[in-house]
Amino acid sequence: MAAVAAVPVVRLSLGRRRCLRCGPGPRPLPAGGSAPRPCSTQAAPQGINKPVIDRIIRVDHAGEYGANRIYAGQMAVLGRSSVGPVIQQMWNQEKVHLKKFNELMVAYRVRPTVLLPFWNVAGFVLGAGSALLGKKGAMACTVAVEESISDHYNNQIRTLMEEDPEKYKELLQVIKQFRDDEREHHDIGIEHDAEATPAYSVLKTAIQLGCKAAIFLSERI
């Protein structure tokens, strides 16, 4: 009889802040950070509403990918400025978000949006372009994008609660935690004078219209 190879069990971590149940040595929290994240302990639940979950994970993966590219663009312009460390801290959190959604894509067997190459370029251009307006411009971009993402996460939370809050408990925890991070980024942008950007309302509206279009497309293709 052929030997059966042992299958390693991989613990999916939400990153950045290690779950206290996973052992000693929690990672340091950034200033103003929120509570430690729970770690992922199970595979995708059975009997899920596959079309709904596919749409949620696909668009969230695309959103976090785009957010990473925006912060990369901002750091390319403002990385050595006084606001560089602030942008880097927010980018580090977005890297954790993207890593988690990469894991969820595998766990739930969801394909990524075909638009990732476009978001790769568009995100970087938006980040760099807003940073060329100065520190306030970069923060105005952050406020507009993070407000759109947190509102979108709230819509997803409502959808999952209506579906089955117990079945989607782990996914809800992830989305709620990431929503809170996006709100934190939004508030950081406000604290760093985003609203003092020339034509702030026009810039914010334009960026958020772009975000809505990106969300609509990434959910579907």
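Could you check segment 120-152 and list, in sequence order, the residues that are of a type in the set (D, E, K, R) and open to solvent by less than 20 Å² (accessible area, probe 1.4 Å)? Before you say what the answer is, go through the steps one by one.
So in segment 120-152, the residues of a type in the set (D, E, K, R) come out as 135-136, 146-147, 151.
Result: Glu146, single match.
Name the pairs whose Cβ atoms lie under 7 Å apart, with the first residue in segment 166-178 and open to solvent by 70 Å² or more (accessible area, probe 1.4 Å), the second at pLDDT 95 or above, and 6 or more positions between them or separate chains?
Listed pairs, sorted by first residue: Lys176/Ile157.
Quick one: in segment 156-184, which of the residues that are under 15 Å from the mean Cα position of the chain (by Cα) and of a type in the set (S, T, N, Q) is nearest to Ile56 (Cα to Cα)?
Taking segment 156-184 as the starting set, the residues that turn out to be under 15 Å from the mean Cα position of the chain (by Cα) are 156-157, 171-184.
This time we only want the ones that are of a type in the set (S, T, N, Q), so: 156, 173, 177.
Numbers: Gln156: 7, Gln173: 14, Gln177: 15 Å.
Only one residue fits best here, namely Gln156.
Could you look through segment 43-91, keep only residues that are of a type in the set (S, T, N, Q), closer than 27 Å to Thr159 by Cα and part of a loop (DSSP other than H, G, I, E, B), and pick out the one that is least open to solvent (accessible area, probe 1.4 Å)? Can you show your working first?
Filtering segment 43-91 for residues of a type in the set (S, T, N, Q) gives 46, 49, 68, 74, 81-82, 88-89.
Now drop any that are not closer than 27 Å to Thr159 by Cα, which leaves 46, 49, 68.
Then keep just the ones that are part of a loop (DSSP other than H, G, I, E, B); that gives 46, 49.
Numbers: Gln46: 157, Asn49: 52 Å².
Looking at residues that are of a type in the set (S, T, N, Q), closer than 27 Å to Thr159 by Cα and part of a loop (DSSP other than H, G, I, E, B), I get Asn49.
Can we say Val114 is modelled with pLDDT of 95 or more and outside any helix (DSSP H, G or I)?
Numbers: modelled with pLDDT of 95 or more: yes; outside any helix (DSSP H, G or I): yes.
Judged against the criteria, Val114 is a match.
Among the candidates Lys204, Lys167, Lys212, single out the residue that is in contact with a Cys (Cβ under 9 Å, 6 or more places away or on another chain) and of a type outside the set (A, V, I, L, M).
Working: Lys167 fails: in contact with a Cys (Cβ under 9 Å, 6 or more places away or on another chain); Lys212 fails: in contact with a Cys (Cβ under 9 Å, 6 or more places away or on another chain).
Only one candidate qualifies: Lys204.
In segment 96-124, what residues are under 17 Å from Phe216 (Cα atoms) and charged (D, E, K, R)?
Passing the criteria: only Arg111.
When you go through Ile87, Ile149, Ile157 one by one, which is the residue that is over 16 Å from Arg183 (Cβ atoms) and in contact with a helix residue (DSSP H, G or I) (Cβ under 9 Å, 6 or more places away or on another chain)? Write out each step before concluding.
Numbers: Ile149 fails: over 16 Å from Arg183 (Cβ atoms); Ile157 fails: over 16 Å from Arg183 (Cβ atoms).
The conditions single out Ile87.
When the residues of segment 153-165 are narrowed to those that are in contact with a Leu (Cβ under 7 Å, 6 or more places away or on another chain) and either open to solvent by 40 Å² or more (accessible area, probe 1.4 Å) or touching a residue at least 60 places away in the same chain (Cβ under 8 Å) (or both), which ends up nearest to Ile53 (Cα to Cα)?
Going residue by residue through segment 153-165, those that are in contact with a Leu (Cβ under 7 Å, 6 or more places away or on another chain) are 157, 160, 165.
Right, trim to either open to solvent by 40 Å² or more (accessible area, probe 1.4 Å) or touching a residue at least 60 places away in the same chain (Cβ under 8 Å) (or both) and you get 160, 165.
Details: Leu160: 9, Pro165: 13 Å.
Per the stated criteria, the residue is Leu160.
Taking the condition of being open to solvent by less than 70 Å² (accessible area, probe 1.4 Å) and outside any helix (DSSP H, G or I), how many residues in segment 210-221 meet it?
The total comes to 0.
Taking segment 179-209 as the search range and keeping residues that are over 14 Å from Val143 (Cβ atoms) and part of a helix (DSSP H, G or I), which one is most open to solvent (accessible area, probe 1.4 Å)?
Top of the filtered list is Leu209.
The values are calculated or read from the model by the stated rules, or taken from the named source; none is laboratory data. Fair warning: this is a prediction, and the values are worked out from it, not measured in the lab. Positions of Cβ are backbone-derived with ideal geometry, glycine not excepted, and every protein chain shown enters the neighbour counts. Surface areas here come from the heavy atoms of the whole protein model, side chains and all, with no ligands, DNA or RNA. Shrake-Rupley method; radii C 1.70, N 1.55, O 1.52, S 1.80 Å.
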